[in-house]
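Engineer: Can you read through this structure? Questions will come right after.
Here, each number is a calculation from the coordinates, and none is a lab measurement. All figures in this text were calculated on a predicted structure; none of them were measured in a lab. Note that we place each Cβ from the backbone using ideal geometry, even for glycine, and neighbour counts take in every protein chain shown.
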Amino acid sequence: MEKGFLHLHITVTSLFIFIYLAKVYLLTAEKTEAFNKLRSKTKIADIILGSLIIITGVFLTIKAPMIETYLIVKIVLVIVSIPLGIIAMKKANKVMAIVVLAIYFYVFLVARTNSLTLQKDAFVTPTATLDATTGAVVTDEGKIVFDAKCAICHGSDGKLMLNEAKDLSASTLKKADIIEQTKNGKGLMPGFKDQLNEKQLQAVAEYVESLKK
């Protein structure tokens, strides 16, 4: 289900922003007739797409293995900025429209970096967390790091295979290879060398090995 919601979220977000960009361009370029025509044709689409962005975004946030501060801030900004964007277009307010566009751009960068400062900060392993599935207290560093950085695509059991992630329960990678791939990434998988230290990398590699059948 998470996979379907993620694809829907990406699709509706991309479409919403594309339409919004087109309207901002027409508004700032003072192409009034074309702007009014596009705004009139996309009134219902704005409401539907905006609602879907919020619904899917909240769902994916709730399903995240660890709800970090940047996720909450991102959702709040989206919930606030979407209606503001609609109001900006309704009033043909250039300043408000550009401010909202800046918020969209910032939210996009936050999503890319997983950080409010737009930098991939070093991850500090909590002493303990709660397992998102069982509610049990987790103290194993490898699982804590995995849940925070890897489970969103691999799943808590390593079998989710979202965004072309491999089934870790069937992985043939050795520990050294797991560490290398975690550090530098591969394909759609980002590298975590700027966020995880050697101890964390060792711990998460050992946890990944424990997921193998």
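Engineer: Given the -39500 (n - 2.57) contribution per DSSP H run of 4+ residues, what per-residue ellipticity at 222 nm results for the chain, rounded to the nearest 500 deg cm²/dmol?
Structural biologist: Per the formula, -21000 deg cm²/dmol.
Engineer: Specify the inter-centroid distance of the stretch 12-43 and the stretch 169-209, based on alpha-carbon positions, in whole Å.
Structural biologist: 43 Å
Engineer: Additional query: With θ set to phi - 60° and the Karplus curve 6.51 cos²θ - 1.76 cosθ + 1.60, what are the ³J(HN,Hα) couplings of the stretch 155-167 in order, to the nearest whole Hz, using x for Gly and Pro?
Structural biologist: With the stated coefficients, the stretch 155-167 comes to x, 5, 9, x, 10, 5, 6, 7, 6, 6, 5, 7, 6 Hz.
Engineer: Give, in nm to one decimal, the length gained when the segment between residue 45 and residue 90 is fully stretched (0.36 nm per residue of separation minus the Cα-Cα distance).
Structural biologist: Working it through step by step, the gained length comes to 14.8 nm.
Engineer: Right, next: Provide the FRET efficiency to the nearest 0.05 for the residue 118-residue 14 pair, computing r from the beta carbons and using R0 = 25 Å.
Structural biologist: The computed FRET efficiency comes out at 0.75.
Engineer: Only four residue types carry charge here, +1 at the Cβ of Lys and Arg and -1 at the Cβ of Asp and Glu. Report the dipole size of the stretch 2-113 about the Cα centre in Debye, rounded to the nearest 20.
Structural biologist: So the magnitude is around 300 debye.
Engineer: What is the spin-label model distance, in nm, from residue 30 to residue 79 if the labels are put 7 Å beyond Cα along the C-beta direction?
Structural biologist: It works out to 4.0 nm between the two label points.
Engineer: Scan the chain and note any complete DSSP helix (H) whose C-alpha atoms cover at least 27 Å along its axis and whose Kyte-Doolittle average is 1.6 or more.
Structural biologist: Correct list, ordered by number: 43-63, 69-90, 94-113.
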